[in-house]
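These notes concern the structure reproduced below.
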Amino acid sequence: KSEFFDLSLLIGNVPNAKVRWKLYDAGAAGGDNRSGWFIDDIQLIAAPCELTPPTLTQLSPLLQGTVFFTGPFNLSASITDASGLDTASLQLFYSINGGTYDSTTLSYISGNIFTGTIPSVNDSDTICYYFSSSDASPCHNTTQYPSSGCTQFIARSGLSLPFCDGFD
């Protein structure tokens, strides 16, 4: 079993902190002659800033599969972080037909909602995209959505039906 405890609020500005464990059994100190805990593989992480990356979630529409529209595509995400956001780092990256990635800076809408636009594409183009953000802490924690790879869709110009003018 792994557990995580954030002690930064308790010892965040303490230059010399000690961590110790104390065993209580039925409200009394000690293990009542039992073996107690076996604690190993302890990892303490210290940093000059918080280490939690922003929380980033794409909002609808989530474009996947085939989309009967060639753009432009307005995509939105909800992005939050306890230490604030580095607004210059809020980006929407996209690639067309496996080419190099281009990016656009996300624009603030309201609350924790940001939006970016992928420009119009040609019929049957394949678009791969992802969001990226960093927080405003000195550590510049970064996150991406999806966490790896990209979300992909094919843009189609729509349905075309044959035109017949002989229904007299």
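The values are calculated or read from the model by the stated rules, or taken from the named source; none is laboratory data. Remember, predicted model here, so these are calculated numbers, not experimental data. We place every Cβ from the backbone using ideal geometry, glycine too, and count neighbours over all the protein chains shown. For the accessible areas, the whole protein counts, side chains as well, though only heavy atoms, and no ligand, DNA or RNA atoms are used. Shrake-Rupley method; radii C 1.70, N 1.55, O 1.52, S 1.80 Å.
Are any of the residues in segment 81-95 at pLDDT 95 or above and β-branched (Val, Ile, Thr)? No, segment 81-95 contains no residue that is at pLDDT 95 or above and β-branched (Val, Ile, Thr).
Taking Phe114 as the residue in question, decide whether it is at pLDDT 95 or above and closer than 15 Å to Pro54 by Cβ. Let's see the steps before the verdict.
Numbers: at pLDDT 95 or above: yes; closer than 15 Å to Pro54 by Cβ: yes.
Against the criterion (at pLDDT 95 or above and closer than 15 Å to Pro54 by Cβ), Phe114 qualifies.
Just for strands (runs of 3 or more DSSP E) wholly inside segment 39-138: which have at least 2 residues that are open to solvent by less than 20 Å² (accessible area, probe 1.4 Å) and more than 16 Å from Gln152 (Cβ to Cβ)? Outline the logic, then answer.
Numbers: elements: 55-58, 65-67, 73-80, 91-96, 102-105, 107-110, 113-118, 125-134.
Those strands (runs of 3 or more DSSP E) span 73-80, 113-118, 125-134.
Does Gln152 satisfy the condition of being open to solvent by 40 Å² or more (accessible area, probe 1.4 Å), modelled with pLDDT of 95 or more, of a type outside the set (Lys, Arg) and within 19 Å of the chain's Cα centre (by Cα)? The answer is yes for Gln152.
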